[in-house]
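A short worksheet on the structure shown next.
The values are calculated or read from the model by the stated rules, or taken from the named source; none is laboratory data. This one's a predicted model, so the numbers in the text were calculated from it and none came from an experiment. Every residue, glycine as well, gets a Cβ built from its backbone with ideal geometry; the counts of neighbours run over all protein chains shown.
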Amino acid sequence: MIETCDSPGLLPIQSAIYTMLKQVHPILESEQIELEDSLGRVLAVDVESNINVPPNDNSAMDGYAMRCEDLIGNNTLQLVGTALAGAPFRQKVLPGQCIRIMTGAVIPQGADSVVMQENTETKDGFVIFKQIPEFGNSVRKAGEDIQQGMVVVTKGTKLTPAYLALIASVGMAEISVIRNLKVGLIATGDELTPPGQALTDGAIYESNRYALTALLKTFPVVVFDFGIVKDNKDDLKAVFEQAGSHCDLVLSCGGVSVGDADYVKEILDDLGSINFWKVAIKPGKPFAFGQLGKACFCGLPGNPVSSYVTFEQLVTPVLQKLSGQTYRPTPHFVAKAACLIKKRPGRADYQRGIFYRDGQGELLVKPNGKQGSGIMSSIANANCYMVLEQDTGDVQVGENVNIQPF
């Protein structure tokens, strides 16, 4: 019989995500900012268009605009003018006439179709058409992209460069966005030393805050780095109290295990609450979630790979919900195992892998070396997670593997 967890009391990862999302409430405060400063921010209200895009019928190419019916039984029309983008032809195109038109130029009154210049010849003020167009050929209709009154981008959308272009196309220079989240970052442990300082016996360099700060920069947040706090309960409590009163979310690294000097759980019991603190995920079992003052709290393991993985898989949904976004699980793709992938049933395993295509174009994946929770090179030199379900065991060569590309 397959065990569902490799130790008692572990919460399946999807149950953990569901529990967190149910308890996290989005930030509602918003601010008005310039569109050019809004990359990565989250819309607070829908963006509606006050105009049609394009605002007028216009030409999709360089060529000649005419009345389509004038070319029935006839291939020659009189050239009477030119329309440029931003400089329209102001007169009406009459029967038997055509105009030279450039891409993006407004289709003049009377004309209804465009023939590309390569399918024409000009001679003595007349244009000879080698192609008889269908009605509306190469004409972009007004409102073809966006119609007046249409919702262009919905609230809760994280703004990408394409969304910025879309909003600019309807003439908006300022938009309303959710204010930046305040995220506190704390590293705990007597053994931690900042890079640049000499190591003492038994010490290691603290690296988690560098990874987490960089990961947080992909979200609309302001990071408050509370630095390294030694394993002293009073000092930890003071820093946690400050962070909980100032931030929307507090992330701590270390101190959520079961060692004698792991005080985070005790402090959370005093200053807030813990909803759960063991998740059926590997690496990263000692992950805690709860409340710290007015802030949500996520306690990440101290091992660097565990900290990194739990941020991506468990903290990311919290950040999305807090910032007003709709949580969308990261897409998985399917590859074939290129070699034996070892796995014990009991926890969802996010092994670090390398996916690639072989000579026949088939997508394959293999583990990226050792998978220990302290081996950061397993992430740095990988390009995906191999997502191995909680109850599965070893994956044999050629079997399907879900992968989550970095």
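The single condition among (1) of a type outside the set (A, V, I, L, M); (2) farther than 22 Å from Leu212 by Cβ; (3) crowded, with 20+ Cβ neighbours inside 10 Å that Arg352 does not meet is (2). Of the residues Arg100, Arg90, the single one that is free of Cβ contacts under 8 Å to residues at least 24 places away in the same chain and either over 27 Å from Pro55 (Cβ atoms) or charged (D, E, K, R) (or both) is Arg90.
Which residue is surrounded by the most Cβ atoms within 10 Å (Cβ to Cβ), if the candidates are limited to segment 322-334 and must be under 25 Å from Lys370 (Cα atoms) and of a type in the set (Val, Ile, Thr)? Within segment 322-334, the match that is surrounded by the most Cβ atoms within 10 Å (Cβ to Cβ) is Thr330.
Among all residues of segment 121-138, there is none that is touching a residue at least 40 places away in the same chain (Cβ under 8 Å) and within 27 Å of the chain's Cα centre (by Cα).
Could you go through segment 290-303 and let me know if any residue there is under 18 Å from Glu389 (Cα atoms) and either in contact with a helix residue (DSSP H, G or I) (Cβ under 9 Å, 6 or more places away or on another chain) or modelled with pLDDT of 95 or more (or both). Outline the logic, then answer.
So the first thing to find is which residues in segment 290-303 are under 18 Å from Glu389 (Cα atoms), and the list is none.
No, there is no match, as no residue in segment 290-303 is under 18 Å from Glu389 (Cα atoms) and either in contact with a helix residue (DSSP H, G or I) (Cβ under 9 Å, 6 or more places away or on another chain) or modelled with pLDDT of 95 or more (or both).
How many residues does segment 186-212 contain that are crowded, with 20+ Cβ neighbours inside 10 Å and under 19 Å from Ala238 (Cβ atoms)?
Let us first name the residues in segment 186-212 that are crowded, with 20+ Cβ neighbours inside 10 Å, namely 186-189, 192, 206, 208-209, 212.
Pick out the ones that are also under 19 Å from Ala238 (Cβ atoms) and you get 186-189, 192, 209.
Total meeting the criteria: 6.
Within segment 287-321, the set of residues being surrounded by fewer than 24 Cβ atoms within 10 Å (Cβ to Cβ), part of a loop (DSSP other than H, G, I, E, B) and touching a Pro at 6+ places or on another chain (Cβ under 7 Å) comprises just one member, Asn303. Scanning segment 97-118 for residues that are among the hydrophobic types (A, V, I, L, M, F, W, C) and not in a strand (DSSP E or B) yields Met102, Ala105, Ile107, Ala111.
Every condition in (1) outside the structural domain of Leu43 (by TED's automatic domain parsing); (2) outside any loop (DSSP other than H, G, I, E, B); (3) surrounded by 15 or more Cβ atoms within 10 Å (Cβ to Cβ) is met by Val152 except one, and the failing one is (1). Within segment 186-206, does at least one residue satisfy the condition of being closer than 18 Å to Gly293 by Cα, assigned to a loop (DSSP other than H, G, I, E, B), in contact (Cβ under 8 Å) with a residue 24 or more places away in the chain and of a type in the set (Asp, Glu)? No, segment 186-206 contains no residue that is closer than 18 Å to Gly293 by Cα, assigned to a loop (DSSP other than H, G, I, E, B), in contact (Cβ under 8 Å) with a residue 24 or more places away in the chain and of a type in the set (Asp, Glu). Comparison of Asn400, Asn381 shows that the only residue that is exposed (fewer than 15 other Cβ atoms within 10 Å of the Cβ) and closer than 19 Å to Thr330 by Cα is Asn400. Determine the pairs where a residue that is more than 13 Å from Trp277 (Cβ to Cβ) and in a helix (DSSP H, G or I), located within segment 1-20, has a partner that is at pLDDT 60 or above and among the small types (Gly, Ala, Ser) with Cβ atoms under 8 Å apart, the partner being 6 or more residues away or on another chain. Filtered contacts from segment 1-20: Ile13/Ala280; Ile13/Ala348. Go through the residues of segment 264-275 one by one and say whether even a single one is in contact with a Cys (Cβ under 9 Å, 6 or more places away or on another chain) and either surrounded by fewer than 22 Cβ atoms within 10 Å (Cβ to Cβ) or under 22 Å from Lys22 (Cα atoms) (or both). The answer is no; no qualifying residue exists.
Selection of segment 336-355 for residues being in contact with a Pro (Cβ under 6 Å, 6 or more places away or on another chain) and under 17 Å from Ser307 (Cα atoms) yields only Gln351.
Remark: pairs (first residue in segment 384-400, on the phi > 0 side of the Ramachandran plot and assigned to a loop (DSSP other than H, G, I, E, B); second residue surrounded by 15 or more Cβ atoms within 10 Å (Cβ to Cβ) and not aromatic (Phe, Trp, Tyr); Cβ separation under 6 Å; 6+ apart in sequence or on different chains) = Gly398/Lys336.
The residues of segment 119-149 that are of a type in the set (A, V, I, L, M) and part of a loop (DSSP other than H, G, I, E, B), listed by number, are Ile132, Ala142.
Have a look at Gly63, Gly81, Gly96, Gly104 and point out the one that is under 33 Å from the mean Cα position of the chain (by Cα) and closer than 22 Å to Gln131 by Cα.
Just one listed residue meets the conditions, Gly104.
A search for C-beta distances below 7 Å between a residue of segment 333-350 that is touching a residue at least 40 places away in the same chain (Cβ under 8 Å) and any residue that is in a loop (DSSP other than H, G, I, E, B) and basic (Lys, Arg), counting only pairs 6+ apart in sequence or on different chains, returns Arg347/Lys285; Asp349/Lys343.
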